[in-house]
1. Give me Leu106, Leu111 ranked fewest to most by other Cβ atoms within 10 Å of their Cβ, as a rough exposure proxy.
2. Arrange Asp115, Asp62 by Cβ neighbour counts within 10 Å, fewest through most, would you?
3. So if I take the centroid of the Cα atoms in region 126-158 and the same for region 1-30, what is the distance between those two points in Å?
4. Working from Cα positions, state the angle (0 to 90°, nearest 10) between the long axis of helix 89-102 and the longest principal axis of the chain.
5. Per Stokes-Einstein, at 10 °C and 1.306 mPa s, what whole-number D in µm² s⁻¹ belongs to region 59-158, with the Kirkwood radius over Cα pairs as the hydrodynamic radius?
6. From Cα pairs below 8 angstrom and at least 6 apart in sequence, can you work out the relative contact order of region 6-127, rounded to a whole percent?
7. Over region 6-127, what per residue volume does the convex hull of the Cα atoms give, in whole Å³?
8. Explain nothing, just the number: relative contact order of region 106-157, from Cα pairs under 8 Å at least 6 residues apart, as a whole percent.
Amino acid sequence: MKQTGEQVVATNRQARHRYTLGDTFECGIVLLGSEVKSLRESKVQLTEAWASIEGNEVWLHDLHVAPYSHAQSHSGHVPVRDRKLLLHRHQIDRLRLKMQVERLTLVPTKLYFKDGRVKVELALGKGKNVADKRQAIIERDTAREAAREMSRARRRQD
């Protein structure tokens, strides 16, 4: 039976901390059978992964997919290898142009199954410096404190 909908396998939570993310793109990925089975078991680490455009192709580097638990040693796969991403040529050209003009990076943010196929969500991101990270933490803390105060005020009114 074919699966429908979207089942998230892994997310890159560090990406929002390290980068200011912009446009996102959904792309396919070329995998081996044992890699797909490992992904169904959520045996993947997306945190250190990054993408690049080489020639007219997009590649995903440093994605760690653990060996499938029921695979034999000779028929498995290499856990960390470069994997080709599937995008249309006009999408690759648009990405390359934005990356060159605005000095952006391709960051994988999510790995998921969509209608039985593995998809990767790529985002264009600009690296944050330490001051930007501190500012984001301050903004998050002030928003949290404001929510607490509003909650306390509502309780006092009741």
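Throughout, read-outs are computed from the coordinates displayed, never taken from laboratory work. The structure displayed is predicted, hence computed values, not measured ones. Neighbour counts run over all protein chains shown; Cβ positions are idealised from the backbone, glycine included.
1. Leu106, Leu111
2. Least to most surrounded, the residues fall as Asp115, Asp62.
3. Value for the Cα centre distance between the two parts: 26 Å.
4. Around 50 degrees separate the two axes.
5. 87
6. Taking the mean separation of contacting Cα pairs over the length of region 6-127, I get 38 percent.
7. Dividing the Cα hull volume of region 6-127 by its residue count gives 98 Å³.
8. 24
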